[in-house]
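The block underneath contains the structure these notes are about, expressed in structure tokens.
The values are calculated or read from the model by the stated rules, or taken from the named source; none is laboratory data. The structure presented is a predicted model; accordingly, all values stated were derived computationally and were not measured. With ideal geometry, Cβ positions are generated from the backbone for all residues, glycine too; neighbour counts draw on all protein chains shown. Protein only, heavy atoms only, side chains kept; ligands, DNA and RNA dropped before computing areas. Shrake-Rupley method; radii C 1.70, N 1.55, O 1.52, S 1.80 Å.
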Amino acid sequence: MTLPPLLSWKEIHTRLPEIFPEGSANREHSIWEIAAKTIFVMLYVGAVEGTGVWLRPDQVTRMTDTQAELTNDSDRVDWVSMSMKSSKGLNIPDRWYAVNTRESIRDDTIRYALLQNGAVIDRPVATTSSAGRYALQAEFAELLSPDLDDSTFIAKAAAWREKHLNAGALARIAIVRKGAAAGGTYELVTFPNGETRRMATGPSADISKAVIEVFAPRFLQKPGVITLSESGNKVVARDDELAKAIGLTIPADKSLPDIVLVDLGPVHPLLVFVEVVHTDGPVNDARKTALLQIAEGAGFAPQHVAFVTAFLDRASATFRKTVSSLAWGSYAWFASEPDSLMVFSGKPLQIEGG
């Protein structure tokens, strides 16, 4: 049995963020320490596509730091045999994980992260079987070769993503990567009426641009931009004529959110307040109440007002940090997944049928 060469789990851990960049599905569980250790054990036992060797999740729990340092083939083969034996009455000092964590390793890390992202393959195994089920996808395993220098690894990781991730995943990664990079001195934003405005570059500007160029035409029938502001309340664009036409008075204190859109398609125009969140500042309950007062002052009933918090990506730390404060009756939109809206409904659940 020829076993693949090994990187340490710590070296694997440093490579995973490049293989699965921001925007990757379930990225947190694809790049965390447990993923690195799971992949290490797969390599340690030789569970790679085409070898006929498959991993059981509980083998990951049985690994120890001491064993991981024994990397010659005979030590690895002996450990494979031992790791497949019944765990009943087995005492493993300093094991990596407790026995009862195998389900979490199987589900959170393997099934819903590495398997979904194409890094791992599986085979059908009976529920009661003690046989292994998971192995590394062959070309993914090659990304973990100790012989790769940094530039070669980065190039191979990019080629692997292009080949093995689906079009939606690649698009999401591209959008998020663009939002994380600053380029040039300004961002050019094209409004629904064809006019353009310049904004200072940065992640917030990228999200604002996406709201106006992507969100507005996707979700509004006849969109218009009333105001567009940058961080620091600098007003980039302000359409007083459009605001006057719908009866909206724009406060002089600039208390409006980052973007105010209007949909002129319905019989009664729809006013859409959008907060752009790169670090903080979502539409929470207090903010929603204040904005409703502005809208009602212009004659907009609550049913003709919508509140949207725009993020770069659903997997971002920013969204996880602020999601619990988003107001009921508002929406969340993600530039990396532009065709969908997340609804925070404040209405009772209605189920049809009996």
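Note on the chain: with a GNM built from Cα contacts shorter than 10 Å, the maximum mean-square fluctuation among Val80, Val120, Val308 falls on Val80. Remark: relative contact order (segment 9-182) = 32 percent; criterion is Cα-Cα distance under 8 angstrom and separation of 6 or more residues. As a size descriptor, the averaged projected area of the C-alpha convex hull of segment 90-232 was calculated at 15.8 nm².
Under the convention that each Lys and Arg Cβ holds +1 and each Asp and Glu Cβ holds -1, the size of the dipole of segment 1-77 around its Cα centre is about 140 debye. Stokes-Einstein diffusion for segment 187-344, with the hydrodynamic radius set to the Kirkwood value over Cα pairs and evaluated at 20 °C in a medium of 1.002 mPa s, equals 139 µm²/s. Rounded to the nearest 20, the size of the Cβ-charge dipole of segment 234-344 about its Cα centre is 240 debye, with Lys and Arg at +1 and Asp and Glu at -1. Dipole check for the chain: with +1 at the C-beta of Lys and Arg, -1 at the C-beta of Asp and Glu, and the Cα centre as origin, the magnitude is about 540 Debye. One Cα centroid belongs to segment 48-76, the other to segment 276-352; the line between them spans 47 Å. Its relative contact order, with pairs defined as Cα atoms under 8 Å and 6+ residues apart, puts the chain at 13 percent. Any chance you could tell me what percent of the C-alpha pair distances in the chain go past 40 Å? Considering the chain, 33 percent of its Cα-Cα pairs are separated by more than 40 Å.
Of the three principal axes defined by the Cα atoms of segment 9-182, the extents in descending order read 56, 34, 29 Å. So which of Lys10/Lys321; Lys222/Lys347; Lys37/Lys85; Lys288/Lys321; Lys85/Lys156; Lys209/Lys321 end up more than 30 Å apart, counting from Cα to Cα? Correct reply: Lys85/Lys156.
Here the alpha carbons of segment 1-112 define both size measures, Rg and Dmax, at 13.9, 43 Å. Could you do me a favour and compute the accessible area per residue for the chain, 1.4 Å probe, result in Å²? Accessible area per residue, the chain: 50 Å². Each 10 Å bin from zero up to the one holding the largest Cα-Cα distance in segment 20-75 carries the following percent of pairs: 21, 46, 28, 5, 0. Exposed loop trypsin sites (Lys or Arg not before Pro) only (DSSP loop, at most 10 other Cβ atoms within 10 Å): please give the longest stretch of the chain free of them, not including the sites. Free of exposed loop sites, the longest segment is 89-354.
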